[in-house]
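Scroll down for the structure; my scribbles are underneath it.
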Amino acid sequence: MATPVMLRFVGVVVLATLVITATGCKLSPSHYQSTCPKALAIVRDGVAKAIKNETRMGASLLRLHFHDCFVNGCDASILLDDTPSFVGEKTAAPNNNSVRGFEVIDNIKASLEKACPGVVSCADIIALAARDSVVYLGGPSWNVSLGRRDSTTASRSLANTSIPPPTSNLSALITSFSAQGLSVKNMVALSGSHTIGLSRCTSFRGRIYNDSNIDASFARKLRMKCPTSGNDNVLQRLDIQTPTLFDNFYYKNLLQKKGLLHSDQELFNGSSVGSLVKKYACDSSAFFQDFARAMIKMSKIRPPKGSNGQIRKNCRKVN
Ligand code: HEM
Ligand SMILES: *[C@@H]1O[C@H](CO)[C@@H](O)[C@H](O)[C@H]1NC(C)=O
Ligand SMILES: *[C@@H]1O[C@H](CO)[C@@H](O)[C@H](O)[C@H]1NC(C)=O
Ligand SMILES: *[C@@H]1O[C@H](CO)[C@@H](O)[C@H](O)[C@H]1NC(C)=O
Ligand SMILES: *[C@@H]1O[C@H](CO)[C@@H](O)[C@H](O)[C@H]1NC(C)=O
Ligand SMILES: *[C@@H]1O[C@H](CO)[C@@H](O)[C@H](O)[C@H]1NC(C)=O
Ligand SMILES: *[C@@H]1O[C@H](CO)[C@@H](O)[C@H](O)[C@H]1NC(C)=O
Ligand SMILES: *[C@@H]1O[C@H](CO)[C@@H](O)[C@H](O)[C@H]1NC(C)=O
């Protein structure tokens, strides 16, 4: 028979364990289970609503996570607005007029603040929204470890230099991902994100006018839409075939020299990395598995944990 004293003791131990998990230094999928049980459903609903309104938003939310994680870790630094006394990452070269989804994160954060004030970090919202977007568009699922905290700083110069530009060659791509602890295989799998979403002419003009490893009729059509000057912000599909489906057509396109970005086609241009591209083009479940693994790894890049950083109340500014 358990006595009331014993029960109380057990209760204290359980509570203590919960507190340790909640403030601990290891991310865990069950981080909000007791402190905000509806958190995952709230994010998922917010993402579904946003993608129903505009399909591209799924791609934009996935990219937001990438651009957050590559600059000082997955800490929601990308969400901080510029002010007269603060320079953030939104206007960094890879982000300005390009990264989107901020209003979607704001809406989800507002719902979470109503349900459980001050509990769910903006960095965790981005990580969950990226996963939920991929699932919504037909891609693989994975469990997102949670407990990231939000930064109180941002770095425009690091955003300029840490996020690889679309003019990158293969060795630059490998170096950039390796600096984040990501392997060549991780890099090739994560690049499969370009199976969804859109790119501006300015991001691939050099490729369609100057590259030799491009399908001729593909290049011709793109040159009509993106003249040598002007139309900088006109949008084209990263995956010409199924731009709103998370599938392996990105890799199939590369085999036909129909990668949109110079950096995309670098993955299939005679190097040994090409064998991975072939594998993912033929085996979508291998791609899904490696993609999910790589996303989990990317989402764990140096987030603030424990007592570092804070849980922002408004994702756009520090508390
Ligand atoms: C391998 C190096 C990478 C380079 C050089 C690169 C570059 C780019 C560029 C230039 C664009 C178009 C942006 C514009 O014109 O506004 C883009 C779009 C996109 N990127 Fe990447 N990217 C890379 C890796 C990744 C990774 C790792 C992810 C996600 C895990 C990702 C997800 C996306 C998505 C989903 C879009 C479409 C966004 C939208 O439609 O709003 N990219 N990328
Ligand atoms: C729906 O998407 C459009 C762009 O297609 C955007 O302007 C609008 O703000 C979005 N509305 C909501 C409620 O998200
Ligand atoms: C960002 O883009 C806007 C145009 O929308 C431009 O006025 C501004 O100068 C750009 N900022 C930077 C830092 O390049
Ligand atoms: C997520 O974790 C749960 C519980 O550990 C497990 O049953 C499930 O298969 C996992 N889901 C994925 C997609 O890995
Ligand atoms: C980052 O790039 C932007 C846009 O190209 C440029 O205006 C800015 O000076 C750069 N900032 C830093 C701190 O490197
Ligand atoms: C790749 O790009 C880097 C950085 O722009 C450059 O230093 C290097 O020479 C290039 N490598 C090759 C093989 O072209
Ligand atoms: C193509 O390459 C030439 C020669 O290097 C350069 O002058 C031109 O600006 C490039 N075109 C584009 C659209 O990048
Ligand atoms: C791709 O490979 C070809 C043949 O090895 C080479 O000439 C070319 O410079 C490489 N890159 C591009 C963008 O064409």
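Brief remarks on what is shown
- Accessible heavy-atom area order of Leu245, Leu158, Leu80, highest first, probe of 1.4 Å: Leu245, Leu158, Leu80
- Cysteines having no other Cys beta carbon under 4.7 Å from their own, within the chain: Cys25, Cys282
- Atom-type composition of the exposed protein surface of region 16-146 places 55 percent of the accessible area on carbon and sulfur (1.4 angstrom probe).
- With all protein chains kept in place, the per residue accessible area of region 187-290 amounts to 44 square angstrom at a probe of 1.4 angstrom.
- Leading residue at positive end of dipole, the chain (Cβ point charges), from Thr175, Val234, Asn314: Val234
- Within-12-Å neighbourhood charge of Ser28 [Cβ basis; K, R +1; D, E -1]: +3
- In straight-distance terms, cross-link reach from Lys26 covers every one of the aspartates and glutamates whose alpha-carbon lies under 13 Å from its own, apart from those fewer than eight places away in the same chain; here that gives an empty set.
- Top positive-direction residue, dipole computed over the chain with Cβ charges, set Ser193, Val119, Ser85: Ser193
- Taking the protein heavy atoms of region 265-319 in the context of the full set of protein chains, the accessible area attributed to carbon and sulfur is 50 percent at 1.4 Å.
- Partner aspartates and glutamates for Lys109 [C-alpha distance under 14 Å; skip if fewer than 8 residues away on the same chain]: Asp45, Asp124, Asp150
The values are calculated or read from the model by the stated rules, or taken from the named source; none is laboratory data. These numbers were taken from a predicted model, which means no experiment stands behind them. FYI the Cβ positions are ideal-geometry reconstructions off the backbone, even for glycines, and counts take in every protein chain you see. Remember, those area values only see protein heavy atoms, side chains included, never the ligands or the DNA or RNA. Shrake-Rupley method; radii C 1.70, N 1.55, O 1.52, S 1.80 Å.
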